[in-house]
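Visitor: Structure in structure tokens, see below.
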Amino acid sequence: MRQKVSVPFMMFGILFNVCLITSNLLETKVIAFGQLTLTAGLLVFPISYIINDCITEVWGFRQARIIIWSGFAMNFFVVALGLLAVQLPAAPFWEGEAHFNFVFGMAPRVVAASLTAFVVGSFLNAMVMSRMKVRHAGRHFSWRAIWSTVVGETADSLVFFPIAFGGLMAWPELLRLMVAQIVLKTLYEVVALPVTMQVVKAVKRLEGSDVYDKNISYNIFK
């Protein structure tokens, strides 16, 4: 039996992938807010968690699983092409080699950390959303959106930073960076929550879909 994909679901999936790829590219710039230093990826990466929440809320965990794995595949694809491009010889007259390599020449451990953290954080975010929706009979969307982000972002940071920067930064500094990322990304979700709630309501009406994940498998490889 052929399955149809709706336009809203397709657009959410495209936006999810774009946000992930963009956040990886923006991670190469460090920005400062007073005494606080962060990566520019913070501007867009939390949006992927908001989209994850919307997809899980409207279409359920199984559909979110498809989008998460597509995000992983597209991230891997872009990173692999970027690393390949870095290895190719530059034209003698081109003066942007160093800058290009700085953006796309990610260290293997950073690539591994990024992809692993994404999978762990994204799936935990979707699982928490799914389980809390069933437990609360569809009520308290704001609570599950916030707590799923806390769990997902915490897992993401706990995986990414030790793998990417363990041994390169002092652990107290690494811990402060992790806490700052978790807090700020969660605040991002809270600030955007009124918009998220309206989007979810509108999509539910448009799609006629409000999935409750009862008796499903949370095996991410299924």
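The values are calculated or read from the model by the stated rules, or taken from the named source; none is laboratory data. As the structure is a prediction and not an experimental result, all values here were calculated from the model. Methodologically, a virtual Cβ is constructed for each residue, glycine included, from the backbone with ideal geometry; neighbour enumeration extends over all protein chains shown. Note: accessible area is taken over every heavy atom of the protein model, side chains too, but ligands, DNA and RNA are not part of it. Shrake-Rupley method; radii C 1.70, N 1.55, O 1.52, S 1.80 Å.
Visitor: Per residue of the chain, what 222 nm ellipticity follows from adding -39500 (n - 2.57) for every DSSP H run with n ≥ 4, rounded to the nearest 500?
Guide: -25500 deg cm²/dmol, from helical runs alone.
Visitor: Another question about this same structure. Residues with amide H under 5 Å of Met169's amide H, sequence separation 5 or more or different chain, H placed in the peptide plane at 1.01 Å from N; which?
Guide: Correct list: empty.
Visitor: Moving on to the next point. Working from Cα positions, state the angle (0 to 90°, nearest 10) between the long axis of helix 141-165 and the longest principal axis of the chain.
Guide: Once rounded, one gets 20 degrees.
Visitor: What residues qualify as long-range amide H neighbours of Thr39, i.e. H under 5 Å apart, gap of 5 or more or another chain, H built at 1.01 Å from N?
Guide: It is Ile31, by chain and number.
Visitor: Could you state the accessible area per residue of the stretch 1-115 in Å², with a 1.4 Å probe and every protein chain left in place?
Guide: 58
Visitor: Here is a follow-up. Which angle from 0 to 90°, rounded to the nearest 10, does the C-alpha axis of helix 108-135 make with the longest principal axis of the chain?
Guide: 10
Visitor: Take the solvent-accessible surface of the protein heavy atoms, probe 1.4 Å, and return the percent of it on the chain that carbon and sulfur atoms account for.
Guide: The computed percentage sits at 70.
Visitor: Let me ask something additional. Go through the stretch 88-103 residue by residue and turn each phi into a ³J(HN,Hα) via Karplus (6.51, -1.76, 1.60, θ = phi - 60°); whole Hz please, and just put x for glycine and proline.
Guide: Going residue by residue, I get 6, x, 7, 5, x, 8, 7, 10, x, 4, 4, 5, 4, 5, 5, 7 Hz, with x marking Gly and Pro.
Visitor: For a quick protection proxy, order the peptides 163-174, 189-200, 37-48 by their average other-Cβ count within 10 Å, most packed first.
Guide: Packing proxy ranking, top to bottom: 37-48, 189-200, 163-174.
Visitor: So if the hydrodynamic radius of the stretch 8-110 is defined as the Kirkwood radius over C-alpha pairs, what does Stokes-Einstein give as its diffusion coefficient at 4 °C and 1.567 mPa s, in µm² per second?
Guide: In µm²/s, the coefficient is 84.
Visitor: Just to confirm the number: angle between the C-alpha axis of helix 171-207 and the first principal axis of the chain, 0 to 90 degrees, nearest 10?
Guide: Relative to the chain, helix 171-207 is tipped by roughly 40 degrees.
Visitor: Where a ≥ b ≥ c are the square roots of the eigenvalues of the C-alpha gyration tensor, would you call the stretch 15-66 rounded, which needs a/c under 1.5, or, failing that, prolate if a/b is larger than b/c, or oblate?
Guide: It comes out prolate by the Cα gyration axes.
Visitor: Here's another thing I want to ask about it. Collect residues whose amide H, placed 1.01 Å from N in the peptide plane, falls under 5 Å from the amide H of Val211; neighbours closer than 5 in sequence don't count.
Guide: Trp59, Gly60
Visitor: A further question follows. Determine the distance separating the Cα centre of the stretch 148-178 from the Cα centre of the stretch 80-136; give it in Å without decimals.
Guide: 16
Visitor: Once Rh is set to the Kirkwood radius over Cα pairs, what Stokes-Einstein translational diffusion coefficient, in µm²/s, holds for the chain at a temperature of 10 °C and a viscosity of 1.306 mPa s?
Guide: Using the Kirkwood radius from Cα pairs, D works out to 86 µm²/s.
Visitor: If I take every Cα pair under 8 Å that is 6 or more residues apart in the chain, average their sequence separation and divide by the length, what percent do I get for the relative contact order?
Guide: On the way: 238 pairs, mean separation 54.9, N = 222.
Taking the mean separation of contacting Cα pairs over the length of the chain, I get 25 percent.
Visitor: Pull up the cross-link candidates among the aspartates and glutamates for Lys201, meaning alpha carbon to alpha carbon under 16 Å and not fewer than 8 places away within one chain.
Guide: Asp53, Glu57, Asp210
Visitor: Determine the sum of side-chain charges near Phe45: Lys and Arg each +1, Asp and Glu each -1, restricted to other residues whose C-beta is under 10 angstrom from that of Phe45.
Guide: My count for the surroundings of Phe45 gives -2.
Visitor: Please identify the GluC sites (Glu not before Pro) of the stretch 17-103 that satisfy two criteria: DSSP loop assignment and at most 10 other Cβ atoms within 10 Å. Which are they?
Guide: Glu95
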